[in-house]
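Right, one structure below, let's go through it.
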Amino acid sequence: MEVNQGTIQHLAELSHFALSEEESSRLVTDIKNIVDYISQLDELDTSDIEPTYQVFEMANVWRPDEILPQEADREQLLALAPTVENYQIKVPKVL
Amino acid sequence: MSETYLPTIGIECHVQLCTKTKLFSEVDNDARGKSPNSCMSPVDYALPGMLPRLNQEAVELSVRAGLALNAEINLDCRFDRKHYFYPDLPKGYQITQMYHPIIGAGHVELPDGTKIRIEHAHLEEDAGKLSHEATYSLVDLNRAGTPLVEIVSQPDIHSAAHARDYAKELWRLMTHAGVTLGDLYNGNMRFDVNISIAKPDSDQLGTRTEVKNLNSFRSVERAVEYEIKRQAKLLDKGEQVVQETRGWNDATGETTGQRSKEGAADYRYMPEPDLPPLHLTEAMIEAQRTKMGRPLSETRAFLRQFVSENIVEVLLDYPKLTAKLHSLKDYWLESGASDQKSDQQAATHDAWLKKIANLFSSVLLAEENTSLLNDELPSDAQLSDLMAMVDQAELSSTGMKEVFLKFFDPEMHFKETRMIAKELGVIQENDLSTLEAIVDAVLAKPETKQAQADYRAGQTKVLGFLVGQVMKESHGKANPSSAQTILKSKLG
């Protein structure tokens, strides 16, 4: 897999990150190294193998449909937001 | 001309499930009329380290949705992450089912018999709600994490009317299966419609546009009509249809192109590592089949036996009413109160069901009394007694309607039918000797002498006047046809 400035720019846009030229270049090197390292696995033929979803043998982990008190309430959670108006989180205008 | 093109339409429908709690957290899932962000947990807020806790009921309701869609239920299904960055989605990804959805291929049959194939349907979480102010936006996460089943149809629809019928049929299927409250005003079901047109002899589909977030059957129909015309106009002029997402404006009845996203969407799907897979069993599915009650197709066939097609379709909008009609039939069969022969009994029951179905549709639905339906419906016994009293001529059709409406009066709700009829004073006098006495009293009155003479002279029309006098004398309780018979014999 080819990792270049374009790849990093694309990922940054998807995540709404603004990266400086310098940060972007550094990330190209870092991510390239990571991808190269992982690419060793390409040597294996995995064409007939189901992707692994989990390494535990668990299934059907679910809970009953009951309302329970939560460990943090609205005031505590909203206090973590930079700006709040009328109990809502205020964000830059999006369309 | 648009007639020269064949439209091809596929619809994606988001159905909010009527669970008590959200898909992955134990907070209230019904945020209607509640203060912003009051139904929100650390999971919905995406605090770092929070893990989703799957709601079993949401899985079970999805199974029911699948059964209602005549679909295969995938015994092994899993969750995936769909990444996108938007303020209504605090985690930065939506938990959905991209590769192993819970519901496989199925089909929906429209009332006119047309079959629309279902490609698949999957379980996922809803996003929060944004409201846009002049210079900023506000985020309410009450809806974030509400369980949704997204139903994806094949492009089997070829007209605006069928698009509407399909949307409506989905609503009926889902409400009758008890999967959703089906409150369209509050966005319980939302439709995304893909539309393209092409020459009928073309072996390729045209370029499609997608109109998103339609929340009524009418808007589905109108948006499709508009898009077909708009696209036909472009093609007639030799121009191209641009593949894009368009928004619907209900006030103007037009779709408008929305600012296209820069570059193609790239959701970077990946397996959801926080949720183990589901391994459902046939037994679990059968349990849901039992719980969901009768399939819509069966209910429709049942109603068609005794009421006309248009009333059938009206009644089907109210699953509570059709369930009531079913339960009445069962109640009569079980109680076996009548000593009539079974075929006679069946005929009586069908006549009763017809009467009750018509009462529901004329008194409740046609006269804008639908709010009464939010209350408890009359009991099987109340309705049965009402029918018996009508059969015994103890109630006129007006009296029957009055008593029926009183069933919905909170103060009368648990009273017996006869008590209600008595309080209303609408029980007809059928006792012949009592009626005879009343007739005699009327005939003894000087003001009826002339009419009596006229009748004997052959002016039979005056009989109506005399019956009226009997009704008056009896304070409206006399059975008019009995009164007439007695009058005739006395005067004859």
Index of the failed condition, B:LEU184 passing every other in (1) part of a loop (DSSP other than H, G, I, E, B); (2) surrounded by fewer than 20 Cβ atoms within 10 Å (Cβ to Cβ); (3) within 14 Å of chain A (Cβ to nearest Cβ); (4) among the hydrophobic types (A, V, I, L, M, F, W, C)
(3)
Looking at (1) closer than 30 Å to B:PRO42 by Cβ; (2) among the charged types (D, E, K, R); (3) touching a Pro at 6+ places or on another chain (Cβ under 9 Å), find the lone condition where B:ARG143 falls short.
(3)
Which strands (runs of 3 or more DSSP E) sit wholly inside the stretch B:84-157 and have at least 3 residues that are at the interface with chain A (Cβ under 9 Å from one of its Cβ atoms)?
B:129-132, B:136-140
Could you check the stretch B:40-62 and list, in sequence order, the residues that are closer than 14 Å to A:ILE67 by Cα and hydroxyl-bearing (Ser, Thr, Tyr)?
B:SER41
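Yes/no matrix, rows are residues, columns are (1) at pLDDT below 95; (2) in contact with a Gly (Cβ under 8 Å, 6 or more places away or on another chain); (3) not assigned by TED's automatic domain parsing to the domain that holds B:GLN16:
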| residue | (1), (2), (3) |
| --- | --- |
| B:PRO52 | no, no, no |
| B:GLN56 | no, no, no |
| B:GLY66 | no, yes, no |
| B:GLU72 | no, yes, no |
| B:PHE79 | no, no, no |
| B:TYR86 | yes, no, no |
| B:TYR93 | no, no, no |
| B:ILE116 | no, no, no |
| B:LEU123 | no, no, no |
Restricting attention to helices (runs of 4 or more DSSP H) lying wholly within the stretch A:3-95, give those where 2 or more residues are surrounded by 11 or more Cβ atoms within 10 Å (Cβ to Cβ) and either on the phi > 0 side of the Ramachandran plot or facing another protein chain (nearest Cβ under 8 Å) (or both).
A:5-14, A:74-78
Could you count how many residues in the stretch B:263-281 are in contact (Cβ under 8 Å) with a residue 60 or more places away in the chain and farther than 30 Å from A:THR7 by Cβ?
5
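Yes or no, residue by residue, for (1) assigned by TED's automatic domain parsing to the domain that holds B:LEU353; (2) closer than 30 Å to B:TRP332 by Cβ; (3) assigned to a helix (DSSP H, G or I):
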residue: B:LEU377; (1), (2), (3): yes, yes, no
residue: B:LEU386; (1), (2), (3): yes, yes, yes
residue: B:LEU395; (1), (2), (3): yes, yes, no
residue: B:GLU402; (1), (2), (3): yes, yes, yes
residue: B:PHE408; (1), (2), (3): yes, yes, no
residue: B:ILE438; (1), (2), (3): no, no, yes
residue: B:LEU466; (1), (2), (3): no, no, yes
residue: B:SER481; (1), (2), (3): no, yes, yes
Matching residues in the stretch B:53-83 - criterion: being outside any loop (DSSP other than H, G, I, E, B) and among the charged types (D, E, K, R):
B:GLU57, B:GLU60, B:ARG64, B:ASP76, B:ASP80, B:ARG81, B:LYS82
Could you tell me whether B:ALA31 is more than 9 Å from chain A (Cβ to nearest Cβ), surrounded by 22 or more Cβ atoms within 10 Å (Cβ to Cβ) and over 20 Å from B:GLN288 (Cα atoms)?
yes
Which is without any contact (Cβ under 8 Å) to a residue 12 or more places away in the chain and within 21 Å of B:ASP391 (Cα to Cα), of B:LYS422, B:LYS449?
B:LYS422
Across the stretch B:203-259, what is the number of residues that are surrounded by fewer than 19 Cβ atoms within 10 Å (Cβ to Cβ), more than 14 Å from chain A (Cβ to nearest Cβ) and in a strand (DSSP E or B)?
3
Name the single residue, out of those in the stretch B:1-29 being assigned to a loop (DSSP other than H, G, I, E, B), touching a residue at least 60 places away in the same chain (Cβ under 8 Å) and not aliphatic (A, V, I, L, M), that is farthest from B:GLY145 (Cα to Cα).
B:TYR5
Of the numbered conditions (1) at pLDDT 95 or above; (2) among the acidic types (Asp, Glu); (3) more than 23 Å from B:LEU141 (Cβ to Cβ), B:GLU3 satisfies every one except a single condition; which is it?
(1)
Give just the number: which of (1) assigned to a loop (DSSP other than H, G, I, E, B); (2) at pLDDT 90 or above does B:GLN288 not satisfy?
(1)
Within the stretch B:193-202, considering residues that are at pLDDT 95 or above and polar (S, T, N, Q), the one surrounded by the fewest Cβ atoms within 10 Å (Cβ to Cβ):
B:ASN194
Which residue is modelled with the lowest pLDDT, if the candidates are limited to the stretch B:428-461 and must be crowded, with 18+ Cβ neighbours inside 10 Å and under 30 Å from B:GLU402 (Cα atoms)?
B:GLU429
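The values are calculated or read from the model by the stated rules, or taken from the named source; none is laboratory data. In this text, all values refer to a predicted model and were calculated from it rather than measured experimentally. Cβ: placed from backbone, ideal geometry, glycine included. Neighbour counts: every protein chain shown.
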